[in-house]
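Visitor: Mind having a look at this structure? Questions to follow.
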Amino acid sequence: MKKIITVIPGDGIGKEVVAGALHVLDVIAHKFKHTFDYKYALAGGAALDAQEVPLPEETLHLAKACDAVLLGAVGGPKWDSNPQHLKPERALLGLRKELGLYANIRPAKIYSALVDASSLKKEIVDGVDIIVVRELTGGLYFGKPSGFETRNGEEVGFNTMIYSVSEVKRIAESAFEIARKRKKKLCSVDKANVLETSQLWRKIVLEVAKQYPDVELTHMYVDNCAMQLIRDPKQFDVIVTENLFGDILSDEAAMLTGSIGMLASASLGGTVAMYEPVHGSAPDIAGQNKANPIATIASVAMMLKYSFDLSAESEAIEQAIEKVLSKGFRTGDIFTEGTTLLGTQEMAQKISEMI
Ligand code: NAD
């Protein structure tokens, strides 16, 4: 198989973790006889420094013309005081919008060697393997009107939560497809006892469910879901929810697993998907070979599975991560007494060797 990947290392540790992940991908290409052609592109602070815009046209062009996008992270103190339209993070919103990425996929999986890194009891988190499917381009974050105005002599801020049938239908279909490839269990999370948008959401999800009779569908109110994720996270396999609820629940689910340096994500929807670690550019450890590359390596595993349909290759990466951790190798963020401390490059190298 031959695939073109647009690689956007970005800023800070983005460059280091992306280099580590590509090292692993090169090993996969060699072992399974694929060709992955990397086209490097600028975004975020790196693009601001070179071209004075956070998302150059050339980057967008490359992203739209390739088979998948791998992004490290953007941002840093150097650009913090820039005006809103010249912030590095604008590049992320631009890419999501231009690529039509309406489904954000966030796995929260506990590696058994790291079960003690969770703040919950071992018996509650051991074996947790959840995917949160978050709607990414609708709802309260994009609904119009929004803004500030004066009402009755007092300043108010307001936003609009709005969803159309087609927006709910496509995210529900994405979630059912993912559930179908896993344990065939989908939990749709809403607030249908209070919100009209949620009532529409539930109605459409139920309609879409008719196309997936093999998937067991349940519904849960968002407040209960927040509670259940802490009480008994193993009851969940795939969760689908709207933008704001998903923003909060995906972070909550993710933290069951311990460190932000372990968390991968995929944004799907249009013809080209984007894969990135959940963490940012970590200016405090940038350039020191201290960053954990596993989140980005696991994001590459998601790319192989979701964009290229290469499940065996994806599985090979997942198993290599599991083995390296079970042998006691750790980066600083997950280091504990009695384990072996590795740098970013060395961790990527160990995972590559294990493959
Ligand atoms: P951050 O995720 O960069 O860092 C938070 C903490 O986690 C830091 O202590 C950092 O050292 C640690 N950390 C993060 N990733 C790690 C890894 N792989 N290995 C080990 N430790 C890791 O979040 P922040 O400090 O709030 O933001 C820093 C910059 O990143 C800001 O400019 C922010 O806007 C940007 N940001 C970008 C993205 C993105 O590109 N998707 C996401 C979040 C934040």
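Visitor: If we keep just the residues of the range 26-48 that are under 23 Å from residue 92 (Cα atoms) and away from the ligand (no atom under 14 Å from the Cβ), which is most open to solvent (accessible area, probe 1.4 Å)? Don't jump to the end; show me each part of the working.
Guide: In the first step, residues of the range 26-48 are kept if they are under 23 Å from residue 92 (Cα atoms); the result is 37-48.
Those left that are additionally away from the ligand (no atom under 14 Å from the Cβ): 37-41.
Working: 37: 51, 38: 47, 39: 80, 40: 136, 41: 12 Å².
Of everything passing the filter in the range 26-48, 40 is most open to solvent (accessible area, probe 1.4 Å).
Visitor: Return the only residue of 89, 57, 123, 52 being under 30 Å from residue 166 (Cα atoms), more than 15 Å from the ligand (Cβ to nearest atom) and open to solvent by 60 Å² or more (accessible area, probe 1.4 Å).
Guide: Values: 89 fails: more than 15 Å from the ligand (Cβ to nearest atom); 123 fails: under 30 Å from residue 166 (Cα atoms); 52 fails: under 30 Å from residue 166 (Cα atoms).
Among 89, 57, 123, 52, only 57 is under 30 Å from residue 166 (Cα atoms), more than 15 Å from the ligand (Cβ to nearest atom) and open to solvent by 60 Å² or more (accessible area, probe 1.4 Å).
Visitor: Tell me, yes or no, whether the range 227-250 has at least one residue that is crowded, with 24+ Cβ neighbours inside 10 Å, near the ligand (Cβ under 10 Å from one of its atoms) and either over 24 Å from residue 187 (Cα atoms) or among the hydroxyl-bearing types (Ser, Thr, Tyr) (or both).
Guide: No, because not a single residue in the range 227-250 is crowded, with 24+ Cβ neighbours inside 10 Å, near the ligand (Cβ under 10 Å from one of its atoms) and either over 24 Å from residue 187 (Cα atoms) or among the hydroxyl-bearing types (Ser, Thr, Tyr) (or both).
Visitor: Name the residues in the range 171-210 that are closer than 18 Å to residue 140 by Cβ, open to solvent by 70 Å² or more (accessible area, probe 1.4 Å) and part of a helix (DSSP H, G or I), would you?
Guide: Passing the criteria: 196, 199.
Visitor: List the helices (runs of 4 or more DSSP H) that sit entirely inside the range 221-315 and contain at least 2 residues that are in the same structural domain as residue 192 (by TED's automatic domain parsing) and within 30 Å of residue 162 (Cβ to Cβ).
Guide: Numbers: elements: 222-231, 243-255, 294-306.
Hits in the range 221-315: 222-231, 243-255.
Visitor: Here is a list: 94, 75. Which entry is part of a loop (DSSP other than H, G, I, E, B), in the same structural domain as residue 23 (by TED's automatic domain parsing) and over 30 Å from residue 225 (Cα atoms)? First the steps, then the outcome.
Guide: Working: 94 fails: part of a loop (DSSP other than H, G, I, E, B).
Testing whether each residue is part of a loop (DSSP other than H, G, I, E, B), in the same structural domain as residue 23 (by TED's automatic domain parsing) and over 30 Å from residue 225 (Cα atoms) leaves just 75.
Visitor: Mind listing just one residue for me: the one in the range 322-345 that is more than 13 Å from residue 297 (Cβ to Cβ) and of a type in the set (S, T, N, Q) and, of those, least open to solvent (accessible area, probe 1.4 Å)?
Guide: Filtering first and then ranking leaves 339.
Visitor: Could I ask something else about it? What residue, among those in the range 135-192 that are over 24 Å from residue 218 (Cα atoms) and basic (Lys, Arg), is modelled with the lowest pLDDT?
Guide: 144
The values are calculated or read from the model by the stated rules, or taken from the named source; none is laboratory data. Everything numeric in this text was worked out from a predicted model, so none of it was measured. Every residue, glycine among them, receives a Cβ derived from its backbone with ideal geometry; neighbour counts consider all protein chains shown. The protein model used for the area step is the full one, side chains on, heavy atoms only, and it has no ligands, DNA or RNA in it. Shrake-Rupley method; radii C 1.70, N 1.55, O 1.52, S 1.80 Å.
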